[in-house]
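Novice: Structure in structure tokens, see below.
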Amino acid sequence: MTSMEGAVIRHRTVEVNDISMHVAEAGPEGHSKGTVLFLHGFPELWYTWRHQMENLAARGYHCVAPDLRGYGGTTAPSDVESYTAFHIVGDIVALLNTLGLAKVFVVGHDWGALIAWYVCLFRPDRVTALVNTSLAFIRNIIARNGPGFVKPTDYFNRAYGPDYYMCRFQEPGVAEARQFAPAHARRLLRQIMCHCFSHGVACEEEMHDNKYPTSTLPPWLTEEDVDYFGAEFERTGFTGGINYYRNLDRNCELAAAWADAKVQVPTKYVVGEGEITYHFEGVREYIHGGGFKEDVPLLEEVVVLPGAGHFIQLERAQESIFEGGHLSRQLFNCM
């Protein structure tokens, strides 16, 4: 067990979908208000949700936050093809079955948000409601959807060039041999969490201390946090997480049967004003102009957090998600 800020985090490893998965839990299991499943992004771990787990566990929710496939204490298969959305969703459904959970609230961030969209498309019967952060439902990234479809990697290459991080990640082994070598983990994570994926800044290939000073952390990030993330990625490397990006095109091909499917789950969406994906071409118009609501008919609310960046669950850690067993009308506001 781990004690964090007054919350007791329980840890266990379960066998799901032919892998071993590390799971962190908090709060009551038997007579809770419901289970909240947290899905982390890149390059993160279950640990990114510790504040929300403490908050919701204290209010009677059972909180479950796994290290996703390829991360932390969970198995990292060696072949790239083992990291498709179907594999990850399969892991999640198997986890729910193993824990005896028929339905859960789902909260996703970054890649965890993309996986959450897939969970809601493939298995809406297992989701009570969704709170997704950072990444909206962008159909062209999710499924091949017609004769004019452009593969995600082709789109990013044309829009941002071959040095864009999603493009650089495509060739196996290259990123891991340079910028994302395990030996660079602590410095790299410090720079990513402080400077990248927010306010239009991507993960550049050559990030150095003169451009991104690392001496001072923002108030929402501690040296202990950097040490935790850094130690884990020094141990595991980044290949597992990067392999998610190497399946962007493959996911679209595999999900073609859901090309016109809608997300039929009660949903709320939270995004930092500085989130990099919020500023992709056409995304803000899609979110606020009716397209998002058309694809997600049960979308209840869109919340844009002024001044916030990519890692909103850390930046706004004292703010909450749920209220009284229902999705709060004031997402990420204190109860």
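The values are calculated or read from the model by the stated rules, or taken from the named source; none is laboratory data. The structure presented is a predicted model; accordingly, all values stated were derived computationally and were not measured. Backbone-built Cβ (ideal geometry, glycine too); neighbour counts: all protein chains shown. Keep in mind that these areas ignore ligands, DNA and RNA; they rest on the heavy atoms of the full protein, side chains included. Shrake-Rupley method; radii C 1.70, N 1.55, O 1.52, S 1.80 Å.
Novice: Among the residues in segment 65-73, are any among the basic types (Lys, Arg), farther than 18 Å from Ile312 by Cα, open to solvent by less than 30 Å² (accessible area, probe 1.4 Å) and in contact (Cβ under 8 Å) with a residue 60 or more places away in the chain?
Specialist: For segment 65-73, residues among the basic types (Lys, Arg), farther than 18 Å from Ile312 by Cα, open to solvent by less than 30 Å² (accessible area, probe 1.4 Å) and in contact (Cβ under 8 Å) with a residue 60 or more places away in the chain: present.
Novice: Every residue in segment 32-43 that is in a loop (DSSP other than H, G, I, E, B) and either open to solvent by less than 30 Å² (accessible area, probe 1.4 Å) or closer than 17 Å to Asn132 by Cβ (or both), please.
Specialist: Residues satisfying the conditions are Gly34, His40, Gly41, Phe42, Pro43.
Novice: Could you tell me which of the residues Glu25, Glu29 is surrounded by fewer than 24 Cβ atoms within 10 Å (Cβ to Cβ), at pLDDT below 95, in contact with a strand residue (DSSP E or B) (Cβ under 7 Å, 6 or more places away or on another chain) and of a type in the set (D, E, K, R)?
Specialist: Glu29
Novice: Let me ask something else. I'd like the full set of residues that are part of a helix (DSSP H, G or I), open to solvent by 10 Å² or more (accessible area, probe 1.4 Å) and in contact with a Gly (Cβ under 9 Å, 6 or more places away or on another chain), limited to segment 77-86.
Specialist: If the condition is that a residue be part of a helix (DSSP H, G or I), open to solvent by 10 Å² or more (accessible area, probe 1.4 Å) and in contact with a Gly (Cβ under 9 Å, 6 or more places away or on another chain), then Ser82 is the only one that fits.
Novice: In addition: Please find, within segment 316-328, the residue that is modelled with the highest pLDDT out of those that are open to solvent by 20 Å² or more (accessible area, probe 1.4 Å) and in contact with a strand residue (DSSP E or B) (Cβ under 7 Å, 6 or more places away or on another chain).
Specialist: Arg316
Novice: Any residue in segment 264-276 that is open to solvent by 10 Å² or more (accessible area, probe 1.4 Å) sitting within a Cβ distance under 6 Å of a residue that is charged (D, E, K, R) and part of a strand (DSSP E or B)? List the pairs, counting only those 6 or more apart or interchain.
Specialist: Qualifying pairs under 6 Å: none.
Novice: So, one more: Considering Gly230, Gly289, which residue is more than 18 Å from Gly112 (Cα to Cα), open to solvent by 10 Å² or more (accessible area, probe 1.4 Å) and of a type in the set (Gly, Ala, Ser)?
Specialist: Of the residues listed, the single one that is more than 18 Å from Gly112 (Cα to Cα), open to solvent by 10 Å² or more (accessible area, probe 1.4 Å) and of a type in the set (Gly, Ala, Ser) is Gly289.
Novice: I would also like to ask the following. Out of segment 296-315, which residues are closer than 13 Å to Pro266 by Cα and surrounded by fewer than 19 Cβ atoms within 10 Å (Cβ to Cβ)?
Specialist: Answer for segment 296-315, where residues must be closer than 13 Å to Pro266 by Cα and surrounded by fewer than 19 Cβ atoms within 10 Å (Cβ to Cβ): Pro297, Leu298, Glu300, Glu301, Val302.
Novice: Quick check, is Val89 touching a strand residue (DSSP E or B) at 6+ places or on another chain (Cβ under 7 Å), at pLDDT 95 or above and in a helix (DSSP H, G or I)?
Specialist: no
Novice: Output the residues belonging to segment 51-64 that are open to solvent by 10 Å² or more (accessible area, probe 1.4 Å) and either acidic (Asp, Glu) or under 20 Å from Arg316 (Cα atoms) (or both).
Specialist: Correct list: His51, Glu54, Asn55, Ala57, Ala58, Arg59.
Novice: Separate question: Please pick out the residue among Leu95, Leu99, Leu114 that is closer than 19 Å to Leu130 by Cα, out of contact with any helix residue (DSSP H, G or I) (no Cβ under 8 Å at 6 or more places or on another chain) and buried (at least 18 other Cβ atoms within 10 Å of the Cβ).
Specialist: Leu95
Novice: May I pose another question? Just checking, does segment 203-225 include any residue being at positive phi and modelled with pLDDT of 90 or more?
Specialist: No, every residue in segment 203-225 fails to be at positive phi and modelled with pLDDT of 90 or more.
Each row is one residue, and each column tells you yes or no for (1) more than 21 Å from Cys120 (Cβ to Cβ); (2) of a type in the set (Asp, Glu); (3) over 18 Å from the mean Cα position of the chain (by Cα).
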{"site": "Leu217", "(1), (2), (3)": "yes, no, yes"}
{"site": "Asp225", "(1), (2), (3)": "yes, yes, no"}
{"site": "Ala231", "(1), (2), (3)": "yes, no, yes"}
{"site": "Gly240", "(1), (2), (3)": "yes, no, no"}
{"site": "Glu273", "(1), (2), (3)": "yes, yes, no"}
{"site": "Glu281", "(1), (2), (3)": "yes, yes, yes"}
{"site": "Gly307", "(1), (2), (3)": "yes, no, yes"}
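Novice: Only residues that are more than 22 Å from Arg316 (Cβ to Cβ) and out of contact with any Leu (no Cβ under 8 Å at 6 or more places or on another chain): list them for segment 120-136, please.
Specialist: The answer is Leu121, Phe122, Arg123, Pro124, Asp125, Val127, Thr128.
Novice: Could you tell me which residue of segment 127-167 is farthest from His279 (Cα to Cα), considering only residues that are out of contact with any helix residue (DSSP H, G or I) (no Cβ under 6 Å at 6 or more places or on another chain), open to solvent by 30 Å² or more (accessible area, probe 1.4 Å) and assigned to a helix (DSSP H, G or I)?
Specialist: Asp154
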